[in-house]
Amino acid sequence: MPTSHKPGPTCLTNTPSLDLGTLNLQQSPTPGPISATNPKVTAEDAPITGSIPVSLATGALLRIPIPGTNGLAVELTARGFIPKSGVSTHFLFIQDITGKRHLNLDFSFNKNSQIIEWHWNQKGTNKLFGITDHTSAGPAEQALGEFAQYYKYAGRVFLLGGAALDAYSIVTSSRPLRRSVQVVSGWSAAAAGCRAVGAGGAAWGTAIEPGLGTAVGGFIGCALGAFIGYRAAEAATGYLYDWAEDSVFSTLAPESDFKPGGGSFGGGGATGTW
């Protein structure tokens, strides 16, 4: 009769090799990248762009057109009459390119109320906005005037900040030419987007609150359009650059010379090679 043994594993030790409910008792690898090297992150991998500060700057520097007003635009630059001192008390302008037709938000002596306050000055725009000359500004309009007073200078700071960030992204990029193309196209598209979307915002704001809504809608639309334009152009030019760089063009072999009358069409006795 053959010998018997106690049921169980037939290995040389009864010590279990598995930690119950977990993996086997072997040392786990040290966390980290699985590649042999850890390359430096480039500007293409983690881009540092000036898209946000540039988007915030455009409204302070560009004219934001207002559709259906025959050339009026929202801006923070005075046109037309400027005091001899060079210091204007107007801080927000809805005006044509000459400044003759305008609706301006002014902080000075108001001859109607006989006090120094925020008020509207207008010429040739009453039918469009329904605001008469020397109309006192409400609380929201006063806040808009104070915002415009500081935004004019803050916009220049944003512009310099955006330029510095984009310059840094070019310098640190592994492909500076590619990044330069993206930056140039991004800035151009930001300006175009500001005008296009800003115009829609100004029209939308005018329908809600002429004057106040016109400016607020124009500024918001400008910033949004500038950001979308910058990022869209940045992505598109990067894609096109990569496509052009990776494309290989081969020269086609020239076709055989064609000689009129050299072929045979079954008659005339002329023969030739095509």
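Numbers at a glance
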item	result
Whichever residue in the stretch 204-251 is in a helix (DSSP H, G or I) and among the hydroxyl-bearing types (Ser, Thr, Tyr) and, among such residues, is surrounded by the most Cβ atoms within 10 Å (Cβ to Cβ)	Tyr230
The listed residue being buried (at least 16 other Cβ atoms within 10 Å of the Cβ), under 18 Å from Ala233 (Cα atoms) and without any contact (Cβ under 8 Å) to a residue 40 or more places away in the chain, out of Ala196, Ala190	Ala196
Members of the stretch 120-167 found to be polar (S, T, N, Q) and closer than 15 Å to Val74 by Cα, listed by number	Asn121, Gln122, Thr125, Gln149
Residue match in the stretch 148-157 (condition: more than 26 Å from Tyr239 (Cα to Cα), surrounded by 15 or more Cβ atoms within 10 Å (Cβ to Cβ) and of a type in the set (A, V, I, L, M, F, W, C))	yes
Flag if Val197 is out of contact with any strand residue (DSSP E or B) (no Cβ under 7 Å at 6 or more places or on another chain), in a helix (DSSP H, G or I), modelled with pLDDT of 95 or more and more than 30 Å from Leu128 (Cβ to Cβ)	no
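Conditions tested, residue by residue: (1) free of Cβ contacts under 8 Å to residues at least 12 places away in the same chain; (2) assigned to a loop (DSSP other than H, G, I, E, B).
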residue	(1), (2)
Phe93	no, no
Gly99	no, yes
Asn104	no, no
Ile116	yes, no
Lys127	yes, no
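Per-residue answers, yes or no, for (1) touching a Cys at 6+ places or on another chain (Cβ under 8 Å); (2) on the phi > 0 side of the Ramachandran plot; (3) at pLDDT 95 or above:
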position: His134; (1), (2), (3): no, yes, yes
position: Ala137; (1), (2), (3): no, no, yes
position: Gly145; (1), (2), (3): no, no, yes
position: Lys152; (1), (2), (3): no, no, no
position: Val157; (1), (2), (3): no, no, yes
position: Leu160; (1), (2), (3): no, no, yes
position: Ala163; (1), (2), (3): no, no, yes
position: Asp166; (1), (2), (3): no, no, yes
position: Thr172; (1), (2), (3): no, no, no
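The values are calculated or read from the model by the stated rules, or taken from the named source; none is laboratory data. Quick caveat: nothing in here was measured; it's all calculated off a predicted structure. Neighbour counts are summed over all protein chains in view; Cβ atoms, including those assigned to glycine, are modelled from backbone coordinates with ideal geometry.
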